[in-house]
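The values are calculated or read from the model by the stated rules, or taken from the named source; none is laboratory data. The model shown is predicted, which means the values in this text are computed figures rather than measured ones. Please note: Cβ atoms are built from the backbone with ideal geometry, for glycine as well, and neighbour counts cover all protein chains shown.
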Amino acid sequence: MHNAFVNDDAKLLRDVESALASRRQAGLDGLVGNLAAVVINVAPKDLVPAAEELLATTGLVFEAALDDPLTGDGSPALVLRDPEGADFIVRSRTPGLANPFVPYNCGTKTAALVPARLETFIFECHDLDRYAAIQRERGVAFATAAPWVTDAFSFLQTMPSAHTGNSLGFIQWHGRPGMYLHGQSRLLPLTAAKADHLWLARIGSLDHVATRVRARHRDAAIVEFLALTNYRFDFAVYVESLNSITNVARLGVGDYAQVFTSGIGSPDAEPGAGPTEGFIANYGLRPHHMAFGTDGIEEVVSGLQSEGMQFLSELVGSREEGLKQIFSAMSPQTMLVNEYIERYDGFDGFFTKSNVTRLTKATEKQ
Ligand SMILES: [Fe+2]
């Protein structure tokens, strides 16, 4: 079945402008800040292995094992700390608890009811009650009737988005930022080990996460994200030969970026629709990769290779082009690809067009 749907940046930009105007009129501007943390859920048997895999492939450090600090639902969680950027909370939903992400998690190459996913992006918020009241008025569906309030922070998250399958969380710190341990926390007798390689210190903070969305949902996914945060739409890069658009939203220059990768046109699920639609058919609607900044990417990649990490592509790009990048193979525990990215001489873009083409092409192997 053919149909004529094609994404149109002029329409997107009109929708973005109206979302930003409506956000401003509602009094939301400035309420939400930068990314504080991400939540990755995995199968119970994968909890410690997934955390150890992240520790072995990033600059993150293990901080604590406790019952999930953000939901209070008793699921075990490991806090992995990045003092410079977003922290990681790796958790495993206790069997029997409802999993609202399940409708988005599955594809032809996943098991049924697969729990592995980067589920939630958590942003700082300096007045959560006001934020929640305004967004409720605007029709936003939150996962709980009221914020989860502890002595250390208040937290509220949305239901998974129909366009991305992702939830957005909002955290207001009451004391020291990054203090997940609170008065009702129960510490767990679990630990995750980290190898002592010097090159791990060359891997920096989370630079961006790219979620793959359907072509028809591109505009709605971006507009919904802008309406919930203080981000702005930055730019879109088209790769016609792969039916791919990489769309970037940022808070400010140098901040973590939220990336949405979509097809240019539908039909969505036909062969030849490109690696984006293919990935969604295979693995569901989910974040495809997490990118980490590096300082000395050659050393990082050879270190990771010597520890057995597999890659989807070669290291692509050059100092002259402004950056170098590489994709790992997908982790079977988290179903996430790691990207490593190095920028040269203040280059503040995310990719060169030739890099996007080569990297996106490499993901066809998935
Ligand atoms: Fe990327």
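Taking the criterion of being more than 23 Å from PHE101 (Cβ to Cβ) and modelled with pLDDT of 90 or more, would at least one residue in the range 326-335 satisfy it?
Quick first cut of the range 326-335, residues more than 23 Å from PHE101 (Cβ to Cβ) only: 326-327.
Keeping just the survivors that are modelled with pLDDT of 90 or more gives 326-327.
The answer is yes; a qualifying residue exists.
What number of residues within the range 77-126 are of a type in the set (A, V, I, L, M, F, W, C), within 14 Å of the chain's Cα centre (by Cα) and part of a strand (DSSP E or B)?
Within the range 77-126, residues that are of a type in the set (A, V, I, L, M, F, W, C), within 14 Å of the chain's Cα centre (by Cα) and part of a strand (DSSP E or B) number 7.
Across the range 281-314, which residue is nearest to the ligand (Cβ to nearest atom) among those that are among the aliphatic types (A, V, I, L, M) and at pLDDT below 95?
LEU312
Kindly indicate which of ALA291, ALA273 is over 30 Å from PRO44 (Cα atoms) and surrounded by 16 or more Cβ atoms within 10 Å (Cβ to Cβ). Reasoning before the result, please.
Numbers: ALA291 fails: over 30 Å from PRO44 (Cα atoms).
One residue alone meets the criteria, ALA273.
If we scan the range 6-24, do we find a residue that is assigned to a loop (DSSP other than H, G, I, E, B), under 27 Å from ARG250 (Cβ atoms), over 16 Å from the mean Cα position of the chain (by Cα) and in the same structural domain as GLU137 (by TED's automatic domain parsing)?
No, the range 6-24 has no match at all.
Run down ALA36, ALA77 and say which single residue is closer than 24 Å to LEU251 by Cα and touching a Pro at 6+ places or on another chain (Cβ under 9 Å). Walk me through it before giving the result.
Working: ALA77 fails: closer than 24 Å to LEU251 by Cα.
Answer to the selection: ALA36.
For the structure I just gave you, tell me whether GLU320 is out of contact with any Leu (no Cβ under 7 Å at 6 or more places or on another chain), surrounded by fewer than 17 Cβ atoms within 10 Å (Cβ to Cβ), in a loop (DSSP other than H, G, I, E, B) and of a type in the set (Asp, Glu).
Numbers: out of contact with any Leu (no Cβ under 7 Å at 6 or more places or on another chain): yes; surrounded by fewer than 17 Cβ atoms within 10 Å (Cβ to Cβ): yes; in a loop (DSSP other than H, G, I, E, B): yes; of a type in the set (Asp, Glu): yes.
The answer is yes for GLU320.
Considering the range 331-346 alone, what residues qualify as being within 14 Å of the ligand (Cβ to nearest atom) and part of a loop (DSSP other than H, G, I, E, B)? Don't jump to the end; show me each part of the working.
First, pick out the residues of the range 331-346 that are within 14 Å of the ligand (Cβ to nearest atom): 336-343.
If the condition is that a residue be within 14 Å of the ligand (Cβ to nearest atom) and part of a loop (DSSP other than H, G, I, E, B), then LEU336 is the only one that fits.
Which of (1) buried (at least 16 other Cβ atoms within 10 Å of the Cβ); (2) under 25 Å from VAL209 (Cα atoms) is the odd one out, the single condition LEU113 does not satisfy?
Of the numbered conditions (1) buried (at least 16 other Cβ atoms within 10 Å of the Cβ); (2) under 25 Å from VAL209 (Cα atoms), the odd one out for LEU113 is (1).
Considering every residue within the range 96-107, establish whether at least one is touching a Leu at 6+ places or on another chain (Cβ under 6 Å) and either in the same structural domain as ILE326 (by TED's automatic domain parsing) or not basic (Lys, Arg) (or both).
Going residue by residue through the range 96-107, those that are touching a Leu at 6+ places or on another chain (Cβ under 6 Å) are 102, 104.
Cutting the leftovers down to either in the same structural domain as ILE326 (by TED's automatic domain parsing) or not basic (Lys, Arg) (or both) gives us 102, 104.
Yes: one or more hits.
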